[in-house]
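A.B. asks: Pasting a structure below so you can have a look.
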Amino acid sequence: MAAASGFATTISGAKMETLLSLNSSSYSTSSVSFVLPQDVRVSCKPPRNNYRRRVLLNHKGGGVRCEVSTASNDVAFAAEIDPARVSSMSALEQLKTSAVDRYTKERASIVVIGLSIHTAPVEMREKLAIPEAEWPRAIGELCGLNHIEEAAVLSTCNRMEIYVVALSQHRGVKEVTEWMSKTSGVPVSEICEHRFLLYNNDATQHLFEVSAGLDSLVLGEGQILAQVKQVVKVGQGIVGFGRNISGLFKHAITVGKRVRTETNIAAGAVSVSSAAVELALMKLPESSHASARMLVIGAGKMGKLVIKHLVAKGCTEMVVVNRTEDRVAAIREELKDVEIIYKPFSDMLTCAAEADVVFTSTSSETPLFVRDDVKDLPPVGSEVGGLRLFVDISVPRNVGSCVSDLENARVYNVDDLKEVVAANKEDRLRKAMEAQAIINEESKQFEAWRDSLETVPTIKKLRAYAERIRLAELEKCLSKMGDDISKKTRRAVDDLSRGIVNKLLHGPMQHLRCDGSDSRTLSETLENMHALNRMFSLETEVAILEQKIRAKQSQK
C-alpha cells in the first residue's frame, strides 16, 4: 500500500516542494526525515498523527545508516542500506533533474540596484558613475549576463541606478552587483553595504518618485525628469532596452509631467545648480555678495543653470571656462545685460587665482584641481572671508578631496547641498503627499499593463497552432485538386483558409487583450488565457523563463 507524503527539500540552500511516494506499507503512516550529506534534506509528514516514526539516513562508510523510532516505544534499530537504492528513489531523481525549477517558475522581475545620495557618499558614487556615452555599452554587457533580459542605466550626480528585467531575482542581483564591481573596481562587499534593492512594484514606484522629483535632494527639481527622458532617448534602438524597461521609463516620464502639472511641487523648487549658488552665498559674508569674483568651469546644462542663478542673485560679471566658446557665446547672447568673459581650459588655473568662488560642473572623469594646484594660488581678500570657495557639483568630482585639507580653501560637493534644502521641510512633505497619490495610481496602471503582457505568449502560441493546422489542411486540399490548378486558384484557396482562421481566432484574441478599451478586467483576461492554454494544450513542458536562461547560456 502506497501513501503520498508532501516534503520540503533543500539542495544547495534552495527550497523546493515535491511529492514522495513510499512503496512500503510499513511507512504508510510514518513521519520520515531524510538527511543526506550537505546536499539534501527531506522531511515527510503523514496525513495522520496517531502513529509516528522518525527515519534518519546518514551516509557512513559508503552505506546509509537508518534509525527508526516510534511514538509507542523507544525501540531503535539500525540497518545498512545500499546507497544505490536511495539514489534510485523517484524523489531524489526529481531533485536532480529539477535544478532550475526553483527559479524558472517565477515571473521575470523588474529590479533596481542602486546607490543614491541617500545611501552612499559621493566618493563611492563617482567610482560607480557611468557616463551617458557608455550607457549603450553597459546595457549590452548587462543583457549578456545569464539572468538579465533587459536593462537601463540612470547615472546622475545624485544617483547611479541600474534597472533590469531579471529572469531570477537572486541570481540577477548577484550578477549585476558583480558586474558593477568589475567595471568600477569597488569591492562587492562595499557596494552591498551602500546599495538598495527594490523589486517589481517597489521598483516601479521608486522610478516614478525619482521622475516626479520626490527622491531628489531638492524636492520637485526639474532636471531629473530631463535625465529620465535622456535614458529613453539613448535607449532607443538598443536591443537590451526592451519592452518592459522602455515601457517603465516612458510611463515614468508621464508621471513626472503629471505630478508637476497637477500639484504645485515645482513651485519655488530649486535645482542642484541653484542650491549650489545658495550654498556659496551662505558661506560668503553678505556684504561681499555683489563684489565676489565668480568663476564657472563648464558651460553645459549644469553650468548654464549656475550662471543663470548667479545672475538672478545680482551677479553682473563672471568668468566662464569651457573647452569651446560656442556655448558661452550662446549664453552671453541670452543674458545680454551681464558681462560673461570666456576663457579656454588652458587658462583655468590663472582664472582660479583671480576668483573668490569657483563653481565646477564638467564631465571630466579626473579631478581638475588637486592640492598642488590650489596651495600655490594667491590668497583671497578678507572681505570675502579669506577663504577661496570651491563648489563642485560634478560626479565624478572635479575638485580632489585633498584640496579640503588646505587652510586657504574650502571645498563643497553635492552632498553638502543638504544644508540648503533643509528649510521648509513641512511644506516639502505636504507637496510630496499630493504627488504620492498620483504615483500610487500610476503604479497600478503600469502593473496592470505589465500583467497584460502575460497573455502575449499565449496569443503567439494560439496563432502558431492555428497556422500549423491551416497549412496542413491547405496542403491536403491542394494535393486533391491536382497539379494543374492555376496560381489564381491556389491564391484564392489560401486566402479562404486564412480568412476562416482569422475569423475563428477573432473572438479568443479579443478576450486575451486587456488594454482598458472595454470593461474586461485583468483577472478575467488571465482566466481566459489559462482556459485557452488548457483547451489547446498550448503550455509547453519547459517554462518560458527556463528556455530564455538556457538560450543565454548556449550563446556563451
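A.B. asks: Rounded to the nearest 0.05, what FRET efficiency do LYS375 and MET433 have when you use their Cβ-Cβ distance and R0 = 45 Å?
C.D. replies: It comes to 0.35.
A.B. asks: Mind checking the per residue accessible area of region 184-303 for me, 1.4 Å probe, whole number of Å²?
C.D. replies: 39 Å²
A.B. asks: Of all the C-alpha pairs in region 244-302, what % are more than 17 Å from each other?
C.D. replies: Across region 244-302, Cα pairs with separations above 17 Å total 63 percent.
A.B. asks: Please give the charge dipole size of region 333-467, origin at the Cα centre, charges +1 on K and R Cβ atoms and -1 on D and E Cβ atoms. Round to the nearest 20 debye.
C.D. replies: With only Lys, Arg, Asp and Glu charged at Cβ, the dipole is about 740 debye.
A.B. asks: Turning to a different aspect of this structure: May I ask which of LYS127/LYS336; LYS229/LYS304; LYS233/LYS283; LYS476/LYS503; LYS127/LYS444; LYS250/LYS460 have a Cα-Cα span longer than 30 Å here?
C.D. replies: Check vs 30 Å cut-off fails for LYS127/LYS336; LYS233/LYS283; LYS127/LYS444.
A.B. asks: Please list, in order along region 409-420, the HN-Hα scalar couplings obtained from phi with the Karplus expression 6.51 cos²θ - 1.76 cosθ + 1.60 (θ = phi - 60°), rounded to whole Hz, x for Gly and Pro.
C.D. replies: These are the phi-based 3J(HN,Hα) values: 9, 10, 10, 10, 10, 4, 5, 7, 6, 4, 4, 6 Hz.
A.B. asks: Give, in nm to one decimal, the length gained when the segment between ASP326 and VAL188 is fully stretched (0.36 nm per residue of separation minus the Cα-Cα distance).
C.D. replies: 45.4 nm
A.B. asks: To the nearest Å, what is the center-to-center distance of region 243-310 and region 339-373, using C-alpha atoms only?
C.D. replies: 21 Å
A.B. asks: Take the alpha carbon atoms of region 246-353, find their radius of gyration, then divide it by 2.2 N^0.38 Å using N residues; give the quotient.
C.D. replies: Taking N as the residue count of region 246-353, the ratio is 1.30.
A.B. asks: Return the carbon/sulfur percentage of the accessible area of region 165-302, one whole number, probe 1.4 Å, all protein chains in place.
C.D. replies: 51 percent
A.B. asks: Quick one: of the DSSP bridges fully inside region 263-372, what percent are antiparallel, nearest 5?
C.D. replies: 0 percent
The values are calculated or read from the model by the stated rules, or taken from the named source; none is laboratory data. Just so it is clear, the model here is predicted, and its values are computed rather than measured. Don't worry about glycine lacking a Cβ; one is built from the backbone with ideal geometry, like all the others, and counts go over all protein chains shown. Note: areas computed on protein heavy atoms with side chains; ligands, DNA, RNA excluded. Shrake-Rupley method; radii C 1.70, N 1.55, O 1.52, S 1.80 Å.
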